[in-house]
Amino acid sequence: MEKFTIKIDNTEVEVSKGTTIYQAAKQIGIDIPVLCYLNLEHLNIESRPGGCRICVVEVEGRRNLAPSCSTECTPGMVVNTHNMRVMNARKTVLELILSDHPKECLTCSSSGQCDLQHLSQVMGIREIHAVENAEMSTYRKDVSPALKRDMDKCIMCRRCETICNDVQTVGALSAVNRGFMSVVAPAFEQDLIDSPCTFCGQCVAVCPTGALTPYDDTAKVLRALADPSKTVIVQTAPAVRAALGEEFGLEPGTLVTGKMVAALRSLGFDKIFDTDFAADLTIMEEGAELLGRISKFLAGDKDVKLPILTSCCPAWVNFFEEYYPCMLDIPSTARSPQQMFGSIAKNYYAELMGVKREDLVVVSVMPCLAKKYECAREEFSTNGNPDVDFSISTRELASLIKSCNINFDLLPDEDFDNPLGESTGAGVIFGVTGGVIEAAVRTAYELFTGKKLDKIDFKELRGLEGIRMASIDFNGTMIHIGIAHQLGNARKLLDGIRSGMYNFHAIEIMACPGGCIGGAGQPLHHGNSKVIKARSEAIYREDSQKTIRKSHENPYIVKLYEEYLGHPMSEKAHHLLHTHYFEKNKK
Amino acid sequence: MNKIKSLEDLRKMKQSLEHGMNIREKSNEPDSLVQIRVAMATCGIASGARTVMNALVEKIEQEKIPAVVTQGGCMGYCYAEPTIEVKVPGKDPVVFGNVDAVRAIEIIEKYIVNGELLDGIIPTNYQSINEKQ
Amino acid sequence: MAQYKMHLLVCGGTGCRASQSEQIVENLKSEIKNLGLENDAQVVTTGCFGFCEKGPIVKIIPDNTFYTQVKPEDCAEIVTEHVLKGRKVNRLLYEDPETLKHIEDSKHMGFYQKQLRIALRNCGFIDPENIDEYIARDGYAAIGKIITEMTPEAAIDIMKKSGLRGRGGGGFPTGLKWEIASKNKADQKYVVCNADEGDPGAFMDRSILEGDPHSVIEAMAICGYCIGATKGIVYIRAEYPLAIKRLKVAARQARAYGLLGEKILGTDFDFDIELRYGAGAFVCGEETALIHSMEGHRGEPTVKPPFPAEKGYLGKPTNVNNVETFANVPAIFLKGAEWFASIGTEKSKGTKVFALAGKINNVGLIEVPMGITLREVIFEIGGGIKDGKKFKAVQTGGPSGGCLTEKHLDTPIDFDNLIAAGSMMGSGGMIVMDEDDCMVSVAKFYLEFTVEESCGKCAPCRIGNKRLHEILEKICGGKGVEEDIEYLKNLSRVIKDTSLCGLGQTSPNPVLSTIEHFYDEYLAHVKERICPAGSCKALKLYTIISDKCTGCTACVRACPVDAITGEKRQPHVIDADKCIRCGACYDKCKFTAIHVQ
């Protein structure tokens, strides 16, 4: 690699060809402010439209200031990042952006999390020079079951557009209109619900302002908790415990399972259950389905559909319903853990407790925004009463805890309630890419071969690369597995299958970068992909600390089948734990 | 249309085509060309001006003489029709009367090409209204 | 080709067609036929003559008679009088605005005398839909010579020696651009012709494509040979239907002759073109935005480098030149680099086409050698200012150019001088302003355009131009303060300094140049609250001259906001705070008692 020296603010720095001025400055401790620029290194996601012009620097010999995020270093370059010309330009541009941004920070749901707010504080903006009554660009608000769009606050950083088109290949969002009225929106400015949006929420995860925010049901949760006639139970997804601590100033990757349970109990939930339990249940059903299809295939059945695709991720379900309507019979029919939990809670547990379905409120805490949409799907309710009443995000749980005066740091570690709170290590790893399939393999192997696994960790299935492939030896039968996270990678994998390039028995897909740990309901990563890596490590740590690490060994799962469901794929299980898919365009 | 197969073919094609465009090319440089104006009023046409004009145009094209042939109105020499006015660059215009096809060719060969004087020149000693202004 | 003794060239450009030039062609043909002259006289539809002010134009060859503002009903007279009897139709001849004399032929018209037509050499001369006429004028001889006798390097060398610079606005040396593209290795490269002409009032590219499409096609093929591309794409705005049609006809004819396609003229060189239509976004004239638009993406620019020569259309090396640039290329190869380099100034060679517009007598399209002065262009070719008014400023370079004044009139026009004077060449727009034009309003007018045409990608252009426009509106509305001028200057400089592409980097030019050259006019607006040119409505002050007022109350009844009061038969007064400056009282007053300041 060609190397050369450049000078930034009178300091020499050696860089390799292709390095941008922004990166070079970072090497020597100069943090040039950026706004639209986004780089998630560990995930290979980069968005640098060069549009905000906040990161401009002076390059000697150039007529105009250069955007440091997207200008590559050239040998002998002399750069100045903070002389009067640069500072004046940067400040003027920021003031321009602020002049077209609503001044409602106090009540904005992104307050305290907003990159624009942060930047204006760092740069010491104290007034905004503009004409009196300067025109603001305003747009129609759009509220969907999962996220809200208030594009008056859009600063055209285009991060959401990069994520939606380049990373997720969903194509719901792109820049529309021209000039002062340009904004990112679905085609023809239709509502998200009418667009191809999968509600993965990754646009929300990267939005630097309050333009894209989650749809928030916490008020309804509080109302249910205050209603004495309701029994309110909660389930927490595996990825939540690996990230919630960040909202309270703990290092990324700190596990806060016990504190989280204690906090939920303090909030007044009647029972604190774990979605991990439902994850174990998912493995029982999905594993049985997988083994069934493989056995039929090995027996020579030509009509059997392989590979089997996981169906835990609601954004992924929306994606294949939108883009692969001809493949609707391939994914597993197993419901997602959230919905399995809801179904078991409102049927088995309600019966057990003698509570009427209508009086039982099921709340889920999810790292995900698509879960909000999923629990609102018609097929997951009985007589208008949903299996899961409200889904709130990790961030929303944190704000509930804060608003209820709970000092998270001082909370003791507490345990989940039974029977729906017991889980195995297999359930925990559902939160990370590769985890669902690893959990399935642990169970399927033992059921298929009748042998005990001596090595429980399948390292070949782990990692953060977008597409991964592995073959697992099931006692002489090779089972081929594909894994993809981020929908763009899923698309590549699916297109590969359609064209006959790949041959798999099973495929796991998660819509978000890194899996659920990188979900849009999680604490914001602000462009730091190390956070996601740390959460992933935490999940595997929790798994390794568990005494039981295979779903079919969960005693409460065993009991559930004995007492209620019979066996996996039984008629009752089919009715309560499986679903079907809809061609989205024909809905 | 047939394809042009080589640069040579293209050049040949150009040569055959430039013929028709010559009149326009020449009009681009009017002052450096010999200008021949044929009086084409009713009297001129009646006494054969069109034949004279055709002969002039043909001859000029054949011999590639740097001249343009234009038509003009009645010059007033009705007794001497057909009449033509010839203006060689740098010289005063000269008017020839009683021109026919044969004489037209003679005027080109002798007066225009060789600069010899010919009989039949009508002296022009009037002034036009335009010039007076 | 058949021999005709007379050619009647009728302008078939968009402007003249809008004034029925097609009907004129039809009528001329039928009149000629009626008189049995079809073997003597030929009617040819040509491209634009440039003298659009006086269209439709009919030019008679060989005597260069130049008929202006011809109507279909004039055709019979032209044929019976001029074609048959050789008598010019005087009333249709061009009348010199100063001497009021009829000028018989184009060679003696001021409009044409100082022009030198290279890019427009065939416009108004040949039938653009007849490839034979192009070939007769040495068409395709340049590409023929190059692909059979020259290496790409040698051809690029000629381009470099000619000194030709991009005519689309940037002024980048064309030969160098080709060389860079030729050196980037790739399995596929592209030649793109930028025909997304967007400057308001500029129509040189349209004229060339309508009047001489083959020269552009030939130049694209030459470029393809030089850089190693076999594919050419013309990006043309869909609002140019006639240019599109003529290009398509030309490409079809060239293909039929084997001048486009595989193995051109028996060599191993393959080249063909296709058309892509733009939706008319101004910013798509910027080459990276143009390429995005061609790829089906939103028409907006990206940061350079990488330049298109390295990573362009579909990620492949792409050379983008504008129409006028290409139109110069065949002439350079036919007449030589030295010939071309002998025209113009030291750093700007050849000619430039300008679209003259505004308060000038001869509105139209002209091509002049670089180095000509603004004075020559405006007063000799342009025939001076309309209605004998006083020259005030000329805006060059389209909406992002600057306004130049009296003191620049004798500056030789070239790329560098215009930039030094605070304006630019741009694509060649030239809008002349007279004493009645308010320079603040002029700046506001141009900003209106750039605000409308900003793509919205970068913040300074998207929001900054909007704010500039708002401040200018405030000043014109009589609400400006002195600090506004300073803020305008700072904001303008920052927008120029930080914008992503050429649009934002130049859009504040009209503001900066008018502040520089007409500072007093700005001051008058914000301090004395008057508009010296008298054009800002909000700054007009209506008062009643009491000596003249008879108290007839006509003005009271006309005033829509009850701003005028007074007793009957007594002098009235206007309440300046209530007055909305509509002028209704002024129009109604029979005693000229209303005074406007």
Query raised in the report: Can you tell me which residue in the range A:270-284 is farthest from the chain's Cα centre (by Cα), limited to those that are surrounded by fewer than 24 Cβ atoms within 10 Å (Cβ to Cβ) and in contact (Cβ under 8 Å) with a residue 60 or more places away in the chain?
Result: A:K271
**Report entry** Leading residue by the ranking (surrounded by the fewest Cβ atoms within 10 Å (Cβ to Cβ)) among those in the range A:513-540 that are within 17 Å of A:T236 (Cβ to Cβ) and not small (G, A, S)
**Finding:** A:P523
Report summary line: With the first residue restricted to the range B:12-37 and required to be more than 8 Å from chain C (Cβ to nearest Cβ), and the second required to be part of a helix (DSSP H, G or I) and not hydrophobic (A, V, I, L, M, F, W, C), Cβ contacts under 7 Å at 6 or more apart or on different chains are B:N22/B:E61; B:L33/B:K26
Requested in this report: Go through the residues of the range C:73-80 one by one and say whether even a single one is outside the structural domain of C:N184 (by TED's automatic domain parsing), surrounded by 24 or more Cβ atoms within 10 Å (Cβ to Cβ) and small (G, A, S).
Outcome: no
Report summary line: If we ask which residues in the range C:84-98 are assigned to a helix (DSSP H, G or I), touching a residue at least 24 places away in the same chain (Cβ under 8 Å) and more than 8 Å from chain B (Cβ to nearest Cβ), their number turns out to be 1
Requested in this report: State all residues of the range B:53-73 that are farther than 16 Å from C:V83 by Cα and either at the interface with another protein chain (Cβ under 7 Å from one of its Cβ atoms) or touching a residue at least 12 places away in the same chain (Cβ under 8 Å) (or both); if no residue qualifies, say none.
Outcome: B:A55, B:L56, B:K59, B:I60, B:E61, B:E63, B:I65, B:P66, B:A67
Report summary line: Taking the range A:184-193 and the residues there that are crowded, with 21+ Cβ neighbours inside 10 Å and either hydroxyl-bearing (S, T, Y) or farther than 17 Å from A:L38 by Cα (or both), the one that is farthest from the other protein chains (Cβ to nearest Cβ) would be A:L192
**Report entry** Those helices (runs of 4 or more DSSP H) lying entirely in the range A:392-467 with at least 1 residues surrounded by fewer than 16 Cβ atoms within 10 Å (Cβ to Cβ)
**Finding:** A:394-403, A:435-449
Query raised in the report: Of all residues in the range C:99-121 being among the hydroxyl-bearing types (S, T, Y) and within 10 Å of chain B (Cβ to nearest Cβ), which is surrounded by the fewest Cβ atoms within 10 Å (Cβ to Cβ)?
Result: C:T99
Query - Failed condition for B:K3, given (1) closer than 26 Å to C:R117 by Cβ; (2) at pLDDT 85 or above; (3) not aromatic (F, W, Y) - result: (1)
Query raised in the report: Within the bounds of the range C:446-457, is there any residue that is of a type in the set (K, R), within 17 Å of C:G198 (Cβ to Cβ) and within 11 Å of another protein chain (Cβ to nearest Cβ)?
Result: yes
Query raised in the report: In this structure, does C:G422 turn out to be assigned by TED's automatic domain parsing to the domain that holds C:N361 and buried (at least 24 other Cβ atoms within 10 Å of the Cβ)?
Result: no
Query - Condition check for C:A357: among the aliphatic types (A, V, I, L, M) and crowded, with 24+ Cβ neighbours inside 10 Å - result: no
Query raised in the report: Inside the range A:51-70, can you point out the residues that are within 31 Å of the chain's Cα centre (by Cα) and closer than 20 Å to A:I8 by Cα?
Result: A:R53, A:I54, A:C55, A:P67, A:S68, A:C69, A:S70
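Okay, residues lined up against (1) part of a helix (DSSP H, G or I); (2) modelled with pLDDT of 95 or more; (3) farther than 27 Å from A:I392 by Cα:
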| residue | (1), (2), (3) |
| --- | --- |
| A:A134 | no, no, yes |
| A:T138 | no, no, yes |
| A:D152 | yes, yes, no |
| A:T169 | no, yes, no |
| A:C203 | yes, yes, no |
| A:T209 | no, yes, no |
Report task. Look at A:T71 and say whether it is at the interface with chain C (Cβ under 9 Å from one of its Cβ atoms), crowded, with 20+ Cβ neighbours inside 10 Å and of a type outside the set (G, A, S). Result -> yes
Query raised in the report: Counting only residues that are in a loop (DSSP other than H, G, I, E, B) and under 34 Å from the mean Cα position of the chain (by Cα), which one in the range A:114-132 is nearest to A:L35 (Cα to Cα)?
Result: A:C114
Query raised in the report: Which of (1) under 27 Å from A:V59 (Cα atoms); (2) free of Cβ contacts under 8 Å to residues at least 40 places away in the same chain; (3) more than 10 Å from chain A (Cβ to nearest Cβ) is the odd one out, the single condition C:D416 does not satisfy?
Result: (2)
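For every residue, the table says whether it meets (1) of a type outside the set (A, V, I, L, M, F, W, C); (2) within 19 Å of C:V191 (Cα to Cα); (3) touching a strand residue (DSSP E or B) at 6+ places or on another chain (Cβ under 9 Å).
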{"site": "C:L314", "(1), (2), (3)": "no, yes, yes"}
{"site": "C:N322", "(1), (2), (3)": "yes, yes, yes"}
{"site": "C:F326", "(1), (2), (3)": "no, yes, yes"}
{"site": "C:F333", "(1), (2), (3)": "no, yes, no"}
{"site": "C:G336", "(1), (2), (3)": "yes, no, no"}
{"site": "C:K359", "(1), (2), (3)": "yes, no, yes"}
{"site": "C:N362", "(1), (2), (3)": "yes, no, yes"}
{"site": "C:L365", "(1), (2), (3)": "no, no, yes"}
{"site": "C:K389", "(1), (2), (3)": "yes, no, yes"}
Report task. Output yes when any residue across the range A:82-97 is surrounded by fewer than 17 Cβ atoms within 10 Å (Cβ to Cβ), more than 39 Å from the chain's Cα centre (by Cα) and more than 9 Å from chain C (Cβ to nearest Cβ), and no when none is. Result -> yes
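Residues are listed down the side, and each one gets a yes or a no for (1) within 14 Å of chain A (Cβ to nearest Cβ); (2) out of contact with any Gly (no Cβ under 8 Å at 6 or more places or on another chain):
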| position | (1), (2) |
| --- | --- |
| C:F271 | no, no |
| C:R276 | no, yes |
| C:F282 | yes, no |
| C:I291 | no, no |
| C:G299 | yes, no |
| C:T302 | yes, no |
Report task. Among the candidates A:A534, A:A511, single out the residue that is closer than 14 Å to A:E465 by Cα, aliphatic (A, V, I, L, M) and touching a residue at least 12 places away in the same chain (Cβ under 8 Å). Result -> A:A511
Report summary line: Within the range A:1-45, the residues that are touching a residue at least 40 places away in the same chain (Cβ under 8 Å), surrounded by fewer than 22 Cβ atoms within 10 Å (Cβ to Cβ), closer than 28 Å to C:P460 by Cα and not β-branched (V, I, T) are A:K7, A:D9, A:G18, A:P33, A:N39
Report task. Select from the range C:338-396 the residues that are closer than 30 Å to C:E521 by Cα, assigned to a strand (DSSP E or B) and of a type in the set (D, E, K, R) and list them in ascending order. Result -> C:K392
Query raised in the report: For residues in the range C:466-492 being within 8 Å of chain A (Cβ to nearest Cβ) and under 19 Å from A:H101 (Cα atoms), which is surrounded by the most Cβ atoms within 10 Å (Cβ to Cβ)?
Result: C:R467
Report summary line: Flagged in the range C:122-136 as more than 13 Å from C:E210 (Cα to Cα) and surrounded by fewer than 23 Cβ atoms within 10 Å (Cβ to Cβ), in numbering order, are C:D132
Report task. Scan (1) within 14 Å of chain C (Cβ to nearest Cβ); (2) at negative phi; (3) crowded, with 21+ Cβ neighbours inside 10 Å for the single condition A:A134 breaks and write down its number. Result -> (3)
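The values are calculated or read from the model by the stated rules, or taken from the named source; none is laboratory data. Since the model is a prediction, treat every value here as computed from it, not as a measurement. Ideal geometry is used to build each Cβ from the backbone, glycine not excepted, and the neighbour counts take in all protein chains shown.
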